[in-house]
Amino acid sequence: MPKGPQAVFCADCHFRLPYRATNQIFALQFACQRADDPDIKQHLREQIDAHIRSAARSLENANAA
């Protein structure tokens with residue numbers, strides 16, 4: 001089970017994803033934590049959610065293949 005503020009995926013899924021995907025999600029999470037403007041935070045959260053959905057789809061597609 002994922003733990004910690006940056007945990008998005010379980011360890012197995014994390015290592016099955018391309019480094020660029022996980023790196024981008026973590027970078028956006030850090031930027032969101034540091035943002036002071038609520039509009040910027042909301043925009044970053046939307047980007048994070050989109051990247052997570054994309055990563056989850058890629059894992060699902062890999063499992064289906």
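The values are calculated or read from the model by the stated rules, or taken from the named source; none is laboratory data. A quick note: this is a predicted structure, and the numbers were derived from the prediction, not measured. Because the Cβ atoms are built from the backbone with ideal geometry, glycine has one as well, and the counts that use them run over all protein chains shown. Calculation scope for accessible area: heavy atoms of the full protein, side chains included, ligands and nucleic acids excluded. Shrake-Rupley method; radii C 1.70, N 1.55, O 1.52, S 1.80 Å.
Need at least 3 residues that are on the phi < 0 side of the Ramachandran plot and modelled with pLDDT under 85 per element, so show me which helices (runs of 4 or more DSSP H) inside the chain make the cut, counting only ones lying wholly within it.
Qualifying helices (runs of 4 or more DSSP H): 11-16, 38-64.
One line per residue, one yes/no per condition, for (1) open to solvent by 100 Å² or more (accessible area, probe 1.4 Å); (2) touching a Lys or Arg at 6+ places or on another chain (Cβ under 9 Å); (3) free of Cβ contacts under 8 Å to residues at least 60 places away in the same chain:
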residue	(1), (2), (3)
A11	no, no, yes
R16	yes, no, yes
Y19	yes, no, yes
N23	no, no, yes
F26	no, no, yes
A35	no, yes, yes
P38	no, no, yes
A50	no, no, yes
L59	no, yes, yes
